[in-house]
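The values are calculated or read from the model by the stated rules, or taken from the named source; none is laboratory data. Computed from a prediction, not measured in an experiment: that's the story for all the values here. Positions of Cβ are backbone-derived with ideal geometry, glycine not excepted, and every protein chain shown enters the neighbour counts.
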Amino acid sequence: MILRPTASLLLLLLAASAGCWGGLRDDLFREGVGELRGQVLGPVDPSRAWVQLEREGEAPLAVGVDDQGRFELRDLKAGSWQLFAANGLGGAIQRTAQIYAGRRVELTLEMAPGLAIEGEIRGPSDTLALLAVLSVAHSPLSFEVSGGQFALSGLPPGCVTLRADRSGYKPAIVEVCGPSGAEISGVELVLEPWEDGSEGLCAGCEGDEGCETGVCVVSTLGEASEQLCSRGCAVDTDCHQGFRCAEVELAVGGTSRACVPSVGSCLAASDALEGRECESDEACGLPELGDGICVEDRCSLPCAGDEDCPASGSCEAASEAGALGHCVF
C-alpha cells in the first residue's frame, strides 16, 4: 500500500510551516466578518496537522498550524461554523465555532483520540484498484492510493465521508461513522465504470502495467501533453462515445493508434464527468490548452453533437446561433 499526499495538501502544510502565526492586521475588519485565532494543545506534527471550518453554502476553509499548534483564519463570515481539526499524531476534534462581526475569537483545542479507518478500493471485477485518489470530507486530506488498500488515522470523530476517484470510473462514496478512538476496518469503496469497457480509460500512467485498458500512451495537444491509459483501435468506431482513434506515442516507445478524447484532454473529460466545481473556464481541463468550460459552477466540455460527449452524455445546444454547446451528464 502506498498512501501519498496530493499537491494541494502539501501546499497547505508548507504555507502553515512558513509562519501562519504572523501578527494579525491592525486594520479594520470588513463589515460582516470576523477572525479566528487558536491553538491546538499538546504535541503536534506541523507537517500533518490541520484545522478546517465548514458552513452550509460556503466553501470549506482550511489552514495548517505552526510548531506550537497555533493557527488563524481571517475574513470569516459572522455566524456559526463547524470546526474540524487534527494534530497529525492521532488526535482530532470537531466542535462549533461562533464567529462575530468585527471581533477576533480565540480558541484552544484539546485533542481526543481520533477515528481510524482501514479499507480497500476495488474495481467492478472485485480486483484492487491500481491507483486512485482518496479524499476525506471535513478535512483537506487527499491521497493517491496505490494497490487499493488504505489506512487512515487521526480523523475527527463522528461521521466521515470517503470518496475514491479514478479516471474511467464514477466516484465511489461511502460514509463511515464512529466515536472518538474507534478503529473501523473492512471499509470498501467499489468503483463502477462510466460505461462498459471504460475501466481506467484516461487514468494517468507510467507504463502499460498501470492500465486496465492495456496500453499507456502520450497524447499531445498543441504544446500540452498527457500520459494516460488508452485502448488500441483502428477506426473511430472502435472507441467509446466522446473518443476518437488517433496516432499517438506509446510510453514504451514507438507509435500506434489508440483512443483519445474527441474534444480536448483527458483531464477536461474527467473534470466534466466528475462535475468538478469551478468559477471560470481556467479551472477545467489543461489551463494552457483552454479545453474545458465552466457552466453553472461545474466543469463541462464544449461540443457540436452528442458524439463529442463521453460516457453517453448529451450535447445541449447553445442559445446563440453558431456557438458550440456543452455536454450534459
Between residues in region 143-160 that are over 18 Å from GLY210 (Cα atoms) and residues that are among the β-branched types (Val, Ile, Thr) and part of a strand (DSSP E or B), which pairs lie under 6 Å by C-beta distance while being six or more apart or on different chains?
LEU152/ILE117; VAL160/VAL176
Checking the condition in the same structural domain as GLY181 (by TED's automatic domain parsing) and hydrophobic (A, V, I, L, M, F, W, C), which residue from VAL105, VAL133 passes?
VAL133
Pairing a residue in region 218-232 that is among the β-branched types (Val, Ile, Thr) with any residue that is not in a strand (DSSP E or B), where Cβ atoms lie under 7 Å and the two sit 6 or more apart in sequence or on different chains, gives VAL218/ALA251
Pairs returned, first residue in region 308-329 that is touching a residue at least 40 places away in the same chain (Cβ under 8 Å) and over 14 Å from GLU195 (Cα atoms), second residue that is assigned to a loop (DSSP other than H, G, I, E, B) and of a type in the set (Val, Ile, Thr), beta-carbon separation under 8 angstrom, 6 or more apart or interchain, are ASP308/VAL263
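Here's the yes/no breakdown for (1) touching a Pro at 6+ places or on another chain (Cβ under 9 Å); (2) hydrophobic (A, V, I, L, M, F, W, C); (3) surrounded by fewer than 20 Cβ atoms within 10 Å (Cβ to Cβ):
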| residue | (1), (2), (3) |
| --- | --- |
| LYS77 | no, no, yes |
| ARG104 | no, no, yes |
| GLY114 | yes, no, no |
| VAL145 | no, yes, no |
| LEU152 | no, yes, no |
| PRO157 | yes, no, yes |
| ALA172 | no, yes, no |
For region 123-139, give me each residue that is in a strand (DSSP E or B) and either over 18 Å from the mean Cα position of the chain (by Cα) or farther than 16 Å from GLY200 by Cα (or both).
LEU128, SER135, VAL136
For a quick check of your reading: which strands (runs of 3 or more DSSP E) sit entirely within region 52-105 and have at least 2 residues that are aliphatic (A, V, I, L, M), more than 24 Å from GLU279 (Cα to Cα) and modelled with pLDDT of 95 or more?
79-86, 91-99
Would you check if there is a residue in region 244-267 being surrounded by fewer than 16 Cβ atoms within 10 Å (Cβ to Cβ), closer than 24 Å to CYS315 by Cβ and in contact (Cβ under 8 Å) with a residue 12 or more places away in the chain?
no
All-but-one check, LEU221 against (1) in contact with a helix residue (DSSP H, G or I) (Cβ under 8 Å, 6 or more places away or on another chain); (2) modelled with pLDDT under 95, failing number (1)
When region 179-210 is checked residue by residue, the ones that are assigned to a loop (DSSP other than H, G, I, E, B) and surrounded by fewer than 19 Cβ atoms within 10 Å (Cβ to Cβ) are PRO179, SER180, GLY181, ALA182, GLU195, ASP196, GLY197, GLU206, GLY207
Hey, THR213 of a type in the set (Val, Ile, Thr) and not in a loop (DSSP other than H, G, I, E, B) or not
no
